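*Asks:* If you scroll down you'll find the structure; I have some questions about it.
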Amino acid sequence: MAMDAWILRAPLKVLRQEDHPYPETTLATLGRHELGLCRRKTGGGGEIFLDGHSIFRPGSPAPATAWFELCRELGYEPARHWDWDPALILFHQVIPALAADWHEPPLALNDQGLPEGILTLAGLRQAFAEAVAGLRRAQMGPVGAKVAETFEWLPLRAVIFHDDAQLPLDFDGTGPSGRVSLMLGIHRDRPVVIEGLSPAPSSRRWLVEDVHGRQNAASYLAAAGLDPEPPKGFEAALQSALDCLCHWMEAPLDAYRRTYPVGISWHHGRREGLVGRTIVEVRTGDQPMLILDDGTEVALSPDPVPVWEHGGI
């Protein structure tokens, strides 16, 4: 496993593997937690255990809540770890390490490297890419082509559900009826954010803004790395394309939301993101920076601390 791509803050350590006469099994630790992967007798799949409790069986649409809670505990943040979600961390990082020395037959996985039927961010990104391809096929004239090109440079990178314990559950009782953020872009520090607000998915209202809260065509073009000067008619064509994309994403996004457990807060303020971090580097200059162990850069004020004329230390 490539540790430079490892998402969680704790190391995964494989302890032992067992085969005959028992079903093929791997035991490991992840931080202070215990993980187990056991091959099921039929279907070529594997059952996953966390601290002695089953968290995934073949045919399930997502891991159990305990895995999401563990990812949150060990530092996973959707806005920071683009292209990843808890299910992808489990099946693209943890499981390959646990099953590395298993004998044939291998685990039954689809072309995305996932068990059949599981819903992940990878499927949602594919749905968004298909919607953008539909824009390209339907584009009318040079302005439509420019809009399609813009979204081709703005892939879906992260989805954040802003759970709020004070909000009521949705009409099916499967989750709070709060906000959902779709983050698009090629750079983490320059995304475009599509905010979905509604009491229910069927009546969701979508708002569009960049990381600074701006809602204009220039911010889209800049985030895509294109000339930020929009051509005539671009604003209207962009809004029409956004309406189509959001309508296209309603069903897959609703299905994906139902795999997420209720009550895990994935979005925190700056303070919560800095608590518990370690400074690993200090960069001097006109704007001194502290580099934390998760790659976060914290700017320091170069202004000296005021000196009191009388008293004090």
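*Asks:* Just a yes or no: is a residue in segment 304-311 at pLDDT 85 or above, over 25 Å from the mean Cα position of the chain (by Cα) and in a loop (DSSP other than H, G, I, E, B)?
*Replies:* Checked segment 304-311: no residue is at pLDDT 85 or above, over 25 Å from the mean Cα position of the chain (by Cα) and in a loop (DSSP other than H, G, I, E, B).
Listed here are the residues, each with its yes/no results for (1) modelled with pLDDT under 95; (2) out of contact with any Pro (no Cβ under 8 Å at 6 or more places or on another chain); (3) not hydroxyl-bearing (S, T, Y).
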| site | (1), (2), (3) |
| --- | --- |
| P86 | no, no, yes |
| I95 | yes, yes, yes |
| E104 | yes, yes, yes |
| L109 | yes, no, yes |
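*Asks:* I've got another one for you. Looking at (1) under 23 Å from L121 (Cβ atoms); (2) modelled with pLDDT under 85; (3) out of contact with any helix residue (DSSP H, G or I) (no Cβ under 9 Å at 6 or more places or on another chain), which is the only condition G225 fails?
*Replies:* If we test G225 against (1) under 23 Å from L121 (Cβ atoms); (2) modelled with pLDDT under 85; (3) out of contact with any helix residue (DSSP H, G or I) (no Cβ under 9 Å at 6 or more places or on another chain), just (2) comes out false.
*Asks:* Then there is this: Name the pairs whose Cβ atoms lie under 8 Å apart, with the first residue in segment 231-247 and assigned by TED's automatic domain parsing to the domain that holds A129, the second among the aromatic types (F, W, Y) and at pLDDT 90 or above, and 6 or more positions between them or separate chains?
*Replies:* Qualifying pairs under 8 Å: A241/F151; L245/F128; L245/F151.
*Asks:* Which numbered condition trips up H247, out of (1) assigned to a helix (DSSP H, G or I); (2) at pLDDT below 90; (3) in contact with a Leu (Cβ under 8 Å, 6 or more places away or on another chain)?
*Replies:* The number of the failed condition is (3).
*Asks:* Another question, if that's okay. So in segment 58-84, with the set limited to residues that are of a type in the set (G, A, S) and under 20 Å from P106 (Cα atoms), which one is modelled with the lowest pLDDT?
*Replies:* The qualifying residue modelled with the lowest pLDDT is G59.
*Asks:* Going by the conditions given, is G123 touching a His at 6+ places or on another chain (Cβ under 8 Å) and under 16 Å from L88 (Cβ atoms)? Before you say what the answer is, go through the steps one by one.
*Replies:* Details: touching a His at 6+ places or on another chain (Cβ under 8 Å): no; under 16 Å from L88 (Cβ atoms): yes.
So G123 fails the test.
*Asks:* Please identify the pairs in which a residue from segment 1-20 that is closer than 30 Å to W82 by Cβ has its Cβ atom under 6 Å from the Cβ atom of a residue that is modelled with pLDDT of 75 or more and of a type in the set (V, I, T), counting only partners at least 6 apart or on another chain.
*Replies:* Within 6 Å, the pairs are I7/I89; K13/T29.
*Asks:* Shifting gears a bit: Tell me yes or no: at least one residue of segment 133-156 is in contact with an Asp or Glu (Cβ under 7 Å, 6 or more places away or on another chain), crowded, with 20+ Cβ neighbours inside 10 Å and within 30 Å of P261 (Cβ to Cβ).
*Replies:* No, segment 133-156 has no match at all.
*Asks:* Test R40 against the stated conditions and say whether it is modelled with pLDDT under 85 and within 29 Å of P252 (Cβ to Cβ).
*Replies:* Considered against the rule, which asks whether it is modelled with pLDDT under 85 and within 29 Å of P252 (Cβ to Cβ), R40 comes out as yes.
The values are calculated or read from the model by the stated rules, or taken from the named source; none is laboratory data. Everything numeric here is computed off the predicted structure, so don't read it as measured data. Don't worry about glycine lacking a Cβ; one is built from the backbone with ideal geometry, like all the others, and counts go over all protein chains shown.
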